[in-house]
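The values are calculated or read from the model by the stated rules, or taken from the named source; none is laboratory data. For clarity, every value in this text was computed on a predicted model and none was experimentally measured. Don't worry about glycine lacking a Cβ; one is built from the backbone with ideal geometry, like all the others, and counts go over all protein chains shown. All accessible areas refer to the heavy atoms of the entire protein, side chains included, with ligands and DNA or RNA removed. Shrake-Rupley method; radii C 1.70, N 1.55, O 1.52, S 1.80 Å.
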Amino acid sequence: MAVTHHPLPAERAVFWYGCNLLRHGDVLRLTARFLEAVGVDAAPRGGPSHCCGSPTEHNARITEGMGRRTVAAFNATGREKVITWCPSCHMNMADLMVPETPAQFEAAHVTEVLWQRRAALQKLLVRPVQARVLLHRHAGFQPRVAVNDLVSNLLHLIPGLELVAEDEALPGHMCSALAGVPGALAAAHEANLAAMARHGADTLCTIFHSCHREAVALERGRAIRVMNWVHLLASAAGWEFRDEYKHLRNAEDPRAALDEAALGRIGADVFTQLMEPELRRKPVV
Amino acid sequence: MAEACTACGACVQACPMTRFAPGVPEADPMQVAGGMRALLQGGEASAVSLGWIGACTRSAACNPACPEQLDVALMMRFASMRARGALGEAPGIAVKTDSGWSARVKGFARLGLTDQEQAEWL
């Protein structure tokens, strides 16, 4: 990777990407690459072994144990900062984990870090991206980290990209929460589609992984594209990527769209029983 | 925080999710909020209050609405955990468990990450 002049000193951190970003290896890898490129030595850590406890909130004892294990693991790295991706992880860290297990690090969201280091970031964003973009914004995380504003600011660094005037933010902190309430996710998607039509937007830009997971199927039968903000930054940097989750989710037959080598790595049983039902799920709108 | 809550119902009135919670738009906001407070104090909540708690998606619109300046979003979070039986009580809200979650995300990791990335990053 090319050496870049950084106005801010280099720092060592953990990039805590959470669990469900593992569905989007491209976003994870690109984010880690951006952090490195702006001068952060950020070791990616995540998956079930670094869980914030969200999936087990019906059992406080297990939630607490998982949080304690994760904070202890981050303390053991000796790194001074943990850079979060997931809003659930970020809020759980502050609300549930650190009050139980004192942290020897500070936490910051990845959008805060990239914006803080925007001088280095902007030097990478040299390729125009012709897109008229509606930002898919939720209300819930914004009071903790002004993520809607930060991503909007980051997108404004991209030459050629046009961000349309934005409507009121959607309820919830991300789409996985809405998906659990009958009717709520469909209403959010319909609101986004109506706003895109109203503003003539051709691209819906997701901020969080679960929103991306739920929104990519909106491309089916519509002349729009759904991209994550990291995809748009990567396009401006000229970095190649392939949104494999979107490719499979929108394939007529996800099994047929998966190459044999990938199926071999995953395991046929895991794909058939655990992944394929999600990829074949009917879109809510 | 529950002790400081007056169950005024401002949080319910500010909530963007009430339209997705059956019975809540027609209910008295004070009674709906009172159920949440009761749950946090170890009591029981009405079905309508449980419906509101179950529809919480962490929008945080309740916080600026609270005249007591309480972190209502966090109170709702704890109420939700309690209503799902986190402390061992019988759940008042159905618990959705996903026993395949860990294996599923690891399957996606094998799809999207190299062996080296999995070894170093997971």
Next on the checklist: Quick test for you: out of B:R82, B:R77, B:R37, B:R58, pick the one residue that is assigned to a loop (DSSP other than H, G, I, E, B) and charged (D, E, K, R).
Outcome noted: B:R58
Checklist entry - Are any residues in region A:129-167 within 17 Å of B:S59 (Cβ to Cβ), touching a Pro at 6+ places or on another chain (Cβ under 9 Å) and outside any helix (DSSP H, G or I), and if so, which ones? => result A:H138, A:A139, A:G140, A:F141, A:P143, A:R144, A:V145
Checklist entry - Hey, any hits in region A:39-48 for a residue that's facing another protein chain (nearest Cβ under 9 Å), in contact with a helix residue (DSSP H, G or I) (Cβ under 7 Å, 6 or more places away or on another chain) and part of a helix (DSSP H, G or I)? => result yes
Checklist outcome for this item: From the option list B:A60, B:A79, B:A65, single residue qualifying as at pLDDT 95 or above, more than 10 Å from chain A (Cβ to nearest Cβ) and under 21 Å from A:V145 (Cβ atoms) is B:A65
Next on the checklist: Pairs please, first residue from region A:263-285 and assigned to a helix (DSSP H, G or I), second anywhere and buried (at least 16 other Cβ atoms within 10 Å of the Cβ) and charged (D, E, K, R), Cβ atoms under 7 Å, 6+ apart in sequence or on different chains.
Outcome noted: A:R265/B:R110; A:I266/B:R110; A:L274/B:R104; A:M275/B:R104; A:L279/A:R249
Item to check | A:T84 being buried (at least 23 other Cβ atoms within 10 Å of the Cβ), among the β-branched types (V, I, T), touching a Phe, Trp or Tyr at 6+ places or on another chain (Cβ under 7 Å) and at pLDDT 95 or above | outcome: yes
Checklist entry - Any idea which of (1) aliphatic (A, V, I, L, M); (2) open to solvent by 30 Å² or more (accessible area, probe 1.4 Å); (3) within 8 Å of chain A (Cβ to nearest Cβ); (4) in contact (Cβ under 8 Å) with a residue 12 or more places away in the chain is the one B:A55 doesn't satisfy? => result (2)
Next on the checklist: Residue pairs, Cβ under 7 Å, 6 or more apart or interchain, first in region B:22-37 and in contact (Cβ under 8 Å) with a residue 40 or more places away in the chain, second surrounded by 20 or more Cβ atoms within 10 Å (Cβ to Cβ) and part of a helix (DSSP H, G or I). List them.
Outcome noted: B:M36/B:S49; B:M36/B:I53; B:M36/B:M75; B:M36/B:M76; B:M36/B:A79
Next on the checklist: Can you pull out every residue in region A:104-116 that is surrounded by fewer than 16 Cβ atoms within 10 Å (Cβ to Cβ) and part of a loop (DSSP other than H, G, I, E, B)?
Outcome noted: A:Q104
Checklist entry - Quick one: what pairs do we get from region B:102-119, first residue more than 7 Å from chain A (Cβ to nearest Cβ) and within 18 Å of A:P254 (Cα to Cα), second modelled with pLDDT of 95 or more and surrounded by fewer than 16 Cβ atoms within 10 Å (Cβ to Cβ), C-beta under 9 Å, 6+ apart or different chains? => result none
Checklist entry - In region A:197-212, which residue that is in a helix (DSSP H, G or I) and out of contact with any helix residue (DSSP H, G or I) (no Cβ under 9 Å at 6 or more places or on another chain) is least open to solvent (accessible area, probe 1.4 Å)? => result A:H199
Item to check | Positions within region A:186-202 being under 14 Å from A:R137 (Cβ atoms) and more than 12 Å from every other protein chain (Cβ to nearest Cβ), in sequence order | outcome: A:H189, A:N192, A:A195, A:M196, A:H199, A:A201
